[in-house]
Amino acid sequence: MRKFSLLCVALVSGVAMNLAAFSQTTPAAPPSIPSSVPAAAMPPRPQPPTRPLDAPLAPQWTVITGAGKNAPADRDGDFVIGPEYAPAPELQVIAGVPMGLVKQFTMTSEDSKIYPKAIAREVFGTPDPDNPRTLIVETHERPWERAITVYIPATYNKKKPLPFIVTHDGPKMGEPDMTMPRILDNLIAQKRVPAMAVVMIQNGGGDAQGHQRGLEYDTLSGRFAEFIETEVLPRVESNFQIRLTADPDGRAVMGCSSGAAAALSMAWYHPEWYRRIISYSGTYVNQQWPFDPKTPGGAWEYPINLIPNNPAKPFRIWMHVGDRDLYNPNVMRDGMHDWVEANHRMAAALKAKGYHYQYVYALDSPHCDRRVREQTLPAALEYVWKGYK
């Protein structure tokens with residue numbers, strides 16, 4: 001029998017923002033690597049260096065100075081912020097602003113035809129001696145359970161379908177993250193973005209090669225988007241009696257780290273579903289597993305091959321990386337694991353193909369920096385929804 005539970009949480013002024021979820025679901029680096037290989041034989045893990053503004057492949061920056069200052073929401077291009085940050089005022093509860101609702105329900109592997117089982121590993125993989133671009137990983141199957149958290153704006157008109165944004169690494173059941181709802185309450189009231197729903201989807205568990213989160217997020221295919229389209233969104237609509245738009249221009253997707261790579265993949269493989277993307281510390285590196293010869297570099301293929309060698313898609317993309325973002329944090333030494341280089345390459349590829357993009361480089365900032373998110377998320381949302389009618 002299908003397991004199902006439902007929790008409705010009203011957005012009241014006494015609820016504190018759960019900002020910790022942002023860093024907890026996307027750790028700054030993977031845990032230490034257990035292996036049958038003796039620790040002394042493992043190659044040392046390099047610490048992420050600080051990449052200067054004029055590092056190789058860096059674009060020509062427009063520098064934004066001052067804590068709390070962001071790139072203009074109506075301008076494309078490459079921008080620098082920091083090194084001091086301040087939470088955006090839109091994170092606060094403002095008197096007189098209508099507050100939406102946050103509701104949750106649980107999905108299990110019993111509900112899914114696309115992911116009827118999750119995968120997991122006990123130890124990190126070892127480099128494949130016959131293919132340095134991938135790892136040998138032993139996995140096992142397990143059931144999964146995840147929370148789906150939904151924000152419904154206070155101004156929702158049931159006669160019209162709602163635009164919406166999907167966010168990855170969503171919160172746990174009973175622990176709703178109020179960051180996005182607070183921001184949208186204010187942005188919607190100020191008419192800076194359309195009234196929209198948010199569908200926050202908890203990942204399938206674990207991280208990177210051999211875990212379900214890595215399989216869902218780092219795989220270059222439309223499978224994860226299809227899981228959301230056919231199994232998650234219909235449940236959202238039926239559980240809460242709302243209508244979500246089918247118009248791809250009214251659909252956005254957001255993530256951090258591998259969740260950002262998943263956001264791009266959802267739009268890339270299904271542009272008929274998604275065309276607006278927010279990417280924090282995007283993992284556009286070689287982390288796909290199992291190995292796929294069609295995309296041998298994993299998400300590294302986006303800036304190297306896929307974007308340059310295909311017609312531009314009708315996307316609008318906001319993306320970010322920190323100057324101390326990740327650098328080769330595993331046993332692979334393949335030259336495709338520098339997060340800063342990957343995002344620099346992404347920005348250059350997008351610019352060359354004429355995409356609408358805004359690239360934000362954060363100074364004194366590590367992977368998925370919560371301070372940066374607190375400052376920039378309202379501006380990122382406003383930028384990515386420009387042009388929506």
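The values are calculated or read from the model by the stated rules, or taken from the named source; none is laboratory data. It should be emphasised that the depicted structure is a prediction, and the values quoted were computed from it without experimental measurement. FYI the Cβ positions are ideal-geometry reconstructions off the backbone, even for glycines, and counts take in every protein chain you see.
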Scope the range 203-221; condition at positive phi and of a type in the set (A, V, I, L, M); matching residues: Ala208
Pairs where the first residue, in the range 163-183, is under 13 Å from Leu101 (Cα atoms) and the second is of a type in the set (Gly, Ala, Ser) and part of a helix (DSSP H, G or I), C-beta under 6 Å, 6+ apart: Asp177/Ala21
Residue list for the range 248-297, filter: surrounded by fewer than 24 Cβ atoms within 10 Å (Cβ to Cβ), aromatic (Phe, Trp, Tyr) and part of a loop (DSSP other than H, G, I, E, B): Trp273, Trp289, Phe291
Failed item, numbered, when Met200 is tested on (1) within 14 Å of the chain's Cα centre (by Cα); (2) on the phi > 0 side of the Ramachandran plot; (3) not aromatic (Phe, Trp, Tyr): (2)
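Residue by residue, here is whether (1) in a helix (DSSP H, G or I); (2) without any contact (Cβ under 8 Å) to a residue 24 or more places away in the chain; (3) farther than 15 Å from Gly282 by Cα holds:
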site	(1), (2), (3)
Ala299	yes, no, no
Asn310	no, yes, yes
Lys313	no, no, yes
Trp318	no, no, no
Arg324	no, no, no
Met336	no, no, no
Val340	yes, no, no
His344	yes, no, no
Ala349	yes, no, no
Single match in Ala73, Ala58, Ala95, Ala86 (criterion: without any contact (Cβ under 8 Å) to a residue 60 or more places away in the chain, assigned to a loop (DSSP other than H, G, I, E, B) and either within 16 Å of Leu377 (Cβ to Cβ) or out of contact with any Ser or Thr (no Cβ under 7 Å at 6 or more places or on another chain) (or both)): Ala95
Every residue from the range 365-389 that is in a helix (DSSP H, G or I), closer than 28 Å to Pro314 by Cβ and either among the aromatic types (Phe, Trp, Tyr) or in contact with a Gly (Cβ under 8 Å, 6 or more places away or on another chain) (or both): Val372, Tyr383
Whichever residue in the range 356-376 is surrounded by fewer than 24 Cβ atoms within 10 Å (Cβ to Cβ) and under 17 Å from Gln60 (Cα atoms) and, among such residues, is nearest to the chain's Cα centre (by Cα): Tyr357
Residues satisfying the stated conditions in the range 243-299, i.e. closer than 19 Å to Val232 by Cβ and among the hydroxyl-bearing types (Ser, Thr, Tyr): Thr245, Ser258, Ser265, Tyr269, Tyr274
Some residue of the range 299-306 being on the phi < 0 side of the Ramachandran plot and over 21 Å from the mean Cα position of the chain (by Cα): yes
The lone exception for Val360 - which of (1) in contact (Cβ under 8 Å) with a residue 60 or more places away in the chain; (2) out of contact with any strand residue (DSSP E or B) (no Cβ under 8 Å at 6 or more places or on another chain); (3) of a type in the set (A, V, I, L, M) it fails: (2)
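So which strands (runs of 3 or more DSSP E) stay within the range 127-195 end to end and still have 3 or more residues that are modelled with pLDDT of 90 or more?
So the answer is 145-152, 164-168.
Residues are listed down the side, and each one gets a yes or a no for (1) under 23 Å from Ala262 (Cα atoms); (2) in contact with a helix residue (DSSP H, G or I) (Cβ under 9 Å, 6 or more places away or on another chain); (3) among the polar types (S, T, N, Q):
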residue: Leu135; (1), (2), (3): yes, no, no
residue: Ile148; (1), (2), (3): yes, yes, no
residue: Tyr156; (1), (2), (3): no, no, no
residue: Lys160; (1), (2), (3): no, no, no
residue: Gly170; (1), (2), (3): yes, yes, no
residue: Met173; (1), (2), (3): yes, no, no
residue: Arg182; (1), (2), (3): no, yes, no
residue: Arg192; (1), (2), (3): no, yes, no
residue: Ala195; (1), (2), (3): no, yes, no
Candidates Gly82, Gly77, Gly68, filtered to the one that is at positive phi and under 21 Å from the mean Cα position of the chain (by Cα): Gly77
